[in-house]
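**Student:** Just passing along the structure, written as structure tokens.
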């Protein structure tokens, strides 16, 4: 009587409950000693469980998606060294000729009468499976039963929720926020490589990734396959009111969603000492009141002028990345937009050639554009051509925030409410008026060191506006 033995998971270190990502054999397969039975994948490594002995697989105890630990039974194997010896053939027995079946014309090799019934059944099943469909009398010779290694195809063996990739590639994809189920593998068996993930990201940024089945691309998502928006009947939980978004919010919302999803945002936070600048602003406003010019200087006017100086100093911030993500357009002009809050939503008028204008002229144009924005009379020319944007919440409050970049620009400056902070002057703490700065930038174009230099320079200019003359 043949002995059935258990093939168990050997010592795999400190790992436990490791998922099965690949089944390498099937019931009835003949395996050699140390041949792989299943493949496990932890968060750090891929582990193959070998067969501890040679034999025939009688039963698989592990399937795709199961979790195994040391000592878990993987399969039941009829060990080759424990199989019962075959009886000696009869001396006078004549050889039996192959039989040709009437239906297929294929030759079926005879089996000794002493063979076990289950062996006979297995042999007949294997032969029947190997017969291709065809007309009677035209079938080819029966192929011998298939034995490992089993031909592996990710599309047929692995379910969609378990993409065929190494742990390193899975980690790389998680860092980029890529769903591996949407990536097509280029290696044998559909295995996904690091290059496949990178190609998928490039295609997504260019808008070339097709939507997955049942997943509709969100408008303005840059080709990223986002889940459908959740549908909830809020009236089930209480009284509700439905109010449509304004036209401005609909347009800006789509742009903001696209920009946030496609641009890799990083925000650099800093503070500027504007004690002397605020004193100058108050003094200039008193002079304008006496002159009855109608111009009112705000801190935002100085911020536009200081930002223009910083853009001239760091030209990569005064640039735009093309749709392919491979070319940078450097601009020789400096047009700066500022966010204007209106009853219908946020708009961004643009002041042209800020580097060539004085603060008083900038303030005057800002007032005119802000009035047009409130009256809903801004035209396309008033909001186009911007190189850089400023979003100021200083008149409302807050200490810091992350503004969303206004594509195709590569950076935006956020400004929060100024406050007095104790600053050490070498001898004592003195009150200084500080302005919080929040610079969001496109990390594809600008790195952290450049952003820190930009905000440092901007802070120096705000601390002493005479630097714009340098």
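**Student:** Does segment 235-258 hold any residues that are surrounded by 15 or more Cβ atoms within 10 Å (Cβ to Cβ) and touching a residue at least 40 places away in the same chain (Cβ under 8 Å), and which are they?
**Tutor:** 248, 252, 256, 258
**Student:** Now for a separate question. Whether any residue in segment 394-411 is closer than 13 Å to residue 272 by Cβ and buried (at least 20 other Cβ atoms within 10 Å of the Cβ) is what I want to check.
**Tutor:** Scanning segment 394-411, I find no residue that is closer than 13 Å to residue 272 by Cβ and buried (at least 20 other Cβ atoms within 10 Å of the Cβ), so the answer is no.
**Student:** Against the condition at pLDDT below 85, in contact with a strand residue (DSSP E or B) (Cβ under 8 Å, 6 or more places away or on another chain), within 20 Å of residue 164 (Cβ to Cβ) and not assigned by TED's automatic domain parsing to the domain that holds residue 190, how does residue 99 come out, does it pass?
**Tutor:** no
**Student:** Mind checking whether some residue in segment 436-443 is part of a loop (DSSP other than H, G, I, E, B) and under 22 Å from residue 260 (Cα atoms)?
**Tutor:** Yes; the residues of segment 436-443 include at least one that is part of a loop (DSSP other than H, G, I, E, B) and under 22 Å from residue 260 (Cα atoms).
**Student:** Out of segment 324-349, which residues are touching a residue at least 24 places away in the same chain (Cβ under 8 Å) and within 28 Å of residue 244 (Cβ to Cβ)?
**Tutor:** Residues satisfying the conditions are 337, 338, 339, 340, 342, 343, 344, 345, 346, 347, 348, 349.
**Student:** Further question: In the set 261, 291, which member is more than 19 Å from residue 412 (Cα to Cα), surrounded by fewer than 22 Cβ atoms within 10 Å (Cβ to Cβ) and at pLDDT below 95?
**Tutor:** Going through 261, 291 in turn, just one is more than 19 Å from residue 412 (Cα to Cα), surrounded by fewer than 22 Cβ atoms within 10 Å (Cβ to Cβ) and at pLDDT below 95: 291.
**Student:** Testing residue 227 on (1) touching a helix residue (DSSP H, G or I) at 6+ places or on another chain (Cβ under 6 Å); (2) exposed (fewer than 13 other Cβ atoms within 10 Å of the Cβ), one condition comes back false. Which one is that?
**Tutor:** (1)
**Student:** Taking the criterion of being modelled with pLDDT of 95 or more, out of contact with any strand residue (DSSP E or B) (no Cβ under 6 Å at 6 or more places or on another chain), crowded, with 19+ Cβ neighbours inside 10 Å and under 30 Å from residue 443 (Cβ atoms), would at least one residue in segment 319-332 satisfy it?
**Tutor:** Within segment 319-332, none of the residues are modelled with pLDDT of 95 or more, out of contact with any strand residue (DSSP E or B) (no Cβ under 6 Å at 6 or more places or on another chain), crowded, with 19+ Cβ neighbours inside 10 Å and under 30 Å from residue 443 (Cβ atoms).
**Student:** Further, regarding this structure: Among (1) at pLDDT below 90; (2) in a strand (DSSP E or B); (3) more than 17 Å from residue 191 (Cα to Cα), where does residue 37 come up short?
**Tutor:** Checking residue 37 against (1) at pLDDT below 90; (2) in a strand (DSSP E or B); (3) more than 17 Å from residue 191 (Cα to Cα), the one that fails is (1).
**Student:** For residue 316, indicate whether it is touching a helix residue (DSSP H, G or I) at 6+ places or on another chain (Cβ under 9 Å) and surrounded by fewer than 20 Cβ atoms within 10 Å (Cβ to Cβ).
**Tutor:** The answer is yes for residue 316.
**Student:** Now for a separate question. Name every residue in segment 24-40 that is under 36 Å from the mean Cα position of the chain (by Cα) and crowded, with 21+ Cβ neighbours inside 10 Å, in order of residue number.
**Tutor:** 25, 37, 38, 40, listed by residue number.
**Student:** Which of (1) within 37 Å of the chain's Cα centre (by Cα); (2) surrounded by fewer than 20 Cβ atoms within 10 Å (Cβ to Cβ) does residue 356 not meet, given it meets every other one?
**Tutor:** (1)
The values are calculated or read from the model by the stated rules, or taken from the named source; none is laboratory data. In this text, all values refer to a predicted model and were calculated from it rather than measured experimentally. Glycine gets a Cβ as well: all are built from the backbone with ideal geometry, and neighbour counts include every protein chain shown.
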